[in-house]
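Have a look at the structure below, then the notes.
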Amino acid sequence: MNARRRTTALLEVLGVFLAGQLVTGQLMRFFGVSPANPLTDFTAGITDVELITATRQLFVLLMLQYAGYFLLIIPINWWHRRRGPTAYGLTRAGRSWTALLLAGVATVATAALVVWPASTVLLVDAIYDLGLGETVPWRQALFDTSWRRWEFWLFTAVLSWALIPVIEELFFRGYCQRRLAEDWGDGPAIVGTALLFVFAHSQYLVLNAYNVSMVASLLILAIAFGVVFAWTRSLIPSMVAHAIINFPMTPLWGAVFLTAYVIGGAVTRQRGLAVVKHIFSSANVAGCVALGVVGTGWAIAAQRIERLVFAAAAMVVLAVGLEVVDRRRDRASDPPSAVANST
């Protein structure tokens, strides 16, 4: 792969990851809205009316956040490569709905073979309250609030199991992984995107046994999401798998489903390992390590250095500039007949 093109892809993805915040800020000014983050003041005693308000605030906040990303992504990709919805994984890729849905379930089951030790730690802690470590206040409050009301399930639909799997997969796998894979290959793109995805979840960046288990589980699952996307070229399986993992469960149901996942993983293991081997067969180890380190470092730095967002905007501009140079060089290297046909 061309080193300059790899650099361009990395600059674009990392730049968009942060510069999207600037676009979101402009959208808020344009629409005259400034939605509060409902997770900041979320408590276990939240009322039904407050839950509905929090759901609306969270929905608006997420829509503006991801709109900020895609108002950068779509024009750049269309201008440079004429990318349409199919390129982002919004396709069945010639497969049936049944096959894609089963691929999503199989992704969870196969990953469970690796994830079960960390998942078991989390499950035992939930049952016996071993005190393996604190989580962020809003997550604990969510665990402690009453689940026996439709307002709770409406809120979690936006927060975890319905909306989030769609927009996160569209951004992280449909854009970040796909864009990196163009110039780095599938293996490095999967690893780099998975680590960027994991460490972008700031609620787990507290050093204790609970959060280490969460990060370990999430990393394996994120790699599984990336593998199934690279294999099918459709986001449907990873969205399904993401939704299953994010669905709120009591400890009892968590134990039931963990057992089912492990049994299912044993059944699908051979096929799953074959897919992983195929995807990573030509992966460059140095590229996987490099993108993994950069993805981790960038996600953590983004949460600690506010002014990094301006550097990110400059990175997007630089990436576009390098892509302009690429286009000119490609056109200059085309034979005269190809240039004539293109005009």
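Which pairs have Cβ atoms under 8 Å, sit 6 or more apart or on different chains, and link a residue in the stretch 245-261 that is farther than 16 Å from residue 117 by Cβ to one that is at pLDDT 90 or above and of a type in the set (S, T, N, Q)?
246/160; 247/160; 248/156; 248/160
Only one residue in 247, 310, 280 is surrounded by 18 or more Cβ atoms within 10 Å (Cβ to Cβ) and either among the aromatic types (Phe, Trp, Tyr) or farther than 26 Å from residue 73 by Cβ (or both), so which one is that?
280
Are any of the residues in the stretch 8-17 among the hydroxyl-bearing types (Ser, Thr, Tyr) and part of a helix (DSSP H, G or I)?
Yes, the stretch 8-17 has at least one match.
Is the stretch 272-283 home to any residue that is farther than 28 Å from residue 93 by Cα and at pLDDT 90 or above?
So far as the stretch 272-283 goes, no, none of its residues is farther than 28 Å from residue 93 by Cα and at pLDDT 90 or above.
Listed residues 208, 246, 284; which is out of contact with any helix residue (DSSP H, G or I) (no Cβ under 9 Å at 6 or more places or on another chain) and of a type outside the set (A, V, I, L, M, F, W, C)?
Selected residue: 208, the only one of 208, 246, 284 that is out of contact with any helix residue (DSSP H, G or I) (no Cβ under 9 Å at 6 or more places or on another chain) and of a type outside the set (A, V, I, L, M, F, W, C).
Inspect the stretch 20-33 for any residue being surrounded by 18 or more Cβ atoms within 10 Å (Cβ to Cβ), free of Cβ contacts under 8 Å to residues at least 40 places away in the same chain and part of a loop (DSSP other than H, G, I, E, B) and give the result as yes or no.
no
Quick one: which of 303, 270 is over 24 Å from residue 121 (Cα atoms) and without any contact (Cβ under 8 Å) to a residue 24 or more places away in the chain?
270
Where in the stretch 204-301 are there helices (runs of 4 or more DSSP H), lying wholly inside it, with at least 3 residues that are more than 15 Å from the chain's Cα centre (by Cα) and within 13 Å of residue 108 (Cβ to Cβ)?
Output list reads 251-280.
Identify, from the list 326, 330, the residue that is over 20 Å from the mean Cα position of the chain (by Cα), at pLDDT below 90 and surrounded by 12 or more Cβ atoms within 10 Å (Cβ to Cβ).
None of the others qualify; the one that does is 326.
Just one of (1) part of a helix (DSSP H, G or I); (2) surrounded by fewer than 16 Cβ atoms within 10 Å (Cβ to Cβ) trips up residue 54, so point out which.
Here residue 54 meets the rest and fails (2).
Test residue 157 against the criterion of being modelled with pLDDT under 95, small (Gly, Ala, Ser), surrounded by 15 or more Cβ atoms within 10 Å (Cβ to Cβ) and out of contact with any strand residue (DSSP E or B) (no Cβ under 6 Å at 6 or more places or on another chain), and give yes or no.
So residue 157 fails the test.
Would you mind telling me which numbered condition in (1) more than 18 Å from the chain's Cα centre (by Cα); (2) farther than 22 Å from residue 238 by Cβ; (3) surrounded by 14 or more Cβ atoms within 10 Å (Cβ to Cβ); (4) not polar (S, T, N, Q) residue 36 fails?
Every listed condition holds for residue 36 apart from (3).
If residue 43 satisfies every condition in (1) assigned to a helix (DSSP H, G or I); (2) touching a helix residue (DSSP H, G or I) at 6+ places or on another chain (Cβ under 7 Å) but one, which is the exception?
Only one criterion is unmet by residue 43, namely (1).
Specify which of the listed residues (280, 229) is over 24 Å from residue 69 (Cα atoms) and of a type in the set (Phe, Trp, Tyr).
It is 280.
Which fully enclosed helices (runs of 4 or more DSSP H) of the stretch 75-187 have 1 or more residues being touching a helix residue (DSSP H, G or I) at 6+ places or on another chain (Cβ under 7 Å), in contact (Cβ under 8 Å) with a residue 24 or more places away in the chain and closer than 19 Å to residue 249 by Cβ?
Filter on the stretch 75-187 gives 97-128, 137-144, 150-156, 163-171.
Going through the stretch 74-115 one residue at a time, which ones are among the hydroxyl-bearing types (Ser, Thr, Tyr), over 23 Å from residue 171 (Cβ atoms) and buried (at least 17 other Cβ atoms within 10 Å of the Cβ)?
Listed by number, the list holds a single entry, 110.
Can you tell me which of 55, 135, 91 is of a type in the set (S, T, N, Q) and modelled with pLDDT under 90?
135
The values are calculated or read from the model by the stated rules, or taken from the named source; none is laboratory data. Keep in mind that this is a model prediction, so the values were computed, not measured. Neighbour counts run over all protein chains shown; Cβ positions are idealised from the backbone, glycine included.
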